[in-house]
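Please treat every number below as a calculation from the coordinates, not as lab data. On a predicted model such as this, the values are computed, not experimentally measured, just so you know. Ideal geometry is used to build each Cβ from the backbone, glycine not excepted, and the neighbour counts take in all protein chains shown.
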Amino acid sequence: MRKCWLWKSSVSERTGREFALLLFDLDGLKQINDRYGHLTGSHAICRLADVLSFCRDIDTAARYGGDEFAVVLPETDAEAANQVAQRICDNIANDGMGPLLSVSIGVAVYPHDGERIEALLRKADVAMYAMKAKKRELRDARVARCLPNTAAVVRQNLSRDPRPSGSW
């Protein structure tokens with residue numbers, strides 16, 4: 001990854017063209033492993049790798065960690081990088097296989113978001129975790145919308161004494 005960044009940044013400096021770094025995480029991989037087994041988790045990683053097959057010859061995709069991946073997109077500005085990120089999200093969510101998968105993606109663009117790989121990784125990492133937090137908020141909001149009705153039923157049931165009258 002570092003060699004790739006050094007080469008891409010030197011090309012960008014010479015040409016004056018931007019490049020983008022996408023850092024993404026396969027959401028819920030631990031839960032997939034726990035629920036379906038590690039073979040299914042490994043298959044989920046392979047499904048994500050298949051989604052990345054659309055990358056151009058000049059792009060570099062790599063596994064960055066356990067469930068994290070990175071893609072370096074030369075000659076790509078923020079708008080185009082966000083389009084690529086959305087395409088990855090859509091393709092993994094709609095690949096027609098189970099279990100359903102989603103990714104959280106952070107985007108950083110050289111040199112706007114940093115001129116060193118550490119700065120770009122930090123920016124992309126912060127953006128990725130912001131996306132994860134937003135997904136959690138949306139999920140929690142969906143659950144919370146269900147809870148008022150559930151809470152009303154629970155309150156109603158608690159207001160009724162289940163014991164026959166005169167049992168105490």
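Tabulated values for the structure
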quantity: Neighbour-count ranking [beta-carbon atoms within 10 angstrom, fewest first] of 52, 120, 101, 138; calculated: 138, 52, 101, 120
quantity: Order of 76, 60 - criterion: other Cβ atoms within 10 Å of each residue's Cβ, fewest first; calculated: 60, 76
quantity: Pairwise centroid distance, computed over Cα atoms, of the range 92-134 with the range 58-84, Å; calculated: 9
quantity: Inter-label distance, nm, simple model (7 Å from Cα along the C-beta direction), residue 55/residue 122; calculated: 2.5
quantity: Projected label distance in nm at residue 75 and residue 46, using a 7 Å step from Cα toward the beta-carbon; calculated: 3.4
quantity: Stretch gain in nm, segment residue 63-residue 115, where the contour uses 0.36 nm per residue and the Cα spacing is subtracted; calculated: 16.5 nm
quantity: Cross-link reach list, aspartates and glutamates versus residue 132, counting only Cα pairs under 15 Å and skipping chain neighbours closer than eight places; calculated: 25, 27, 67, 68, 140
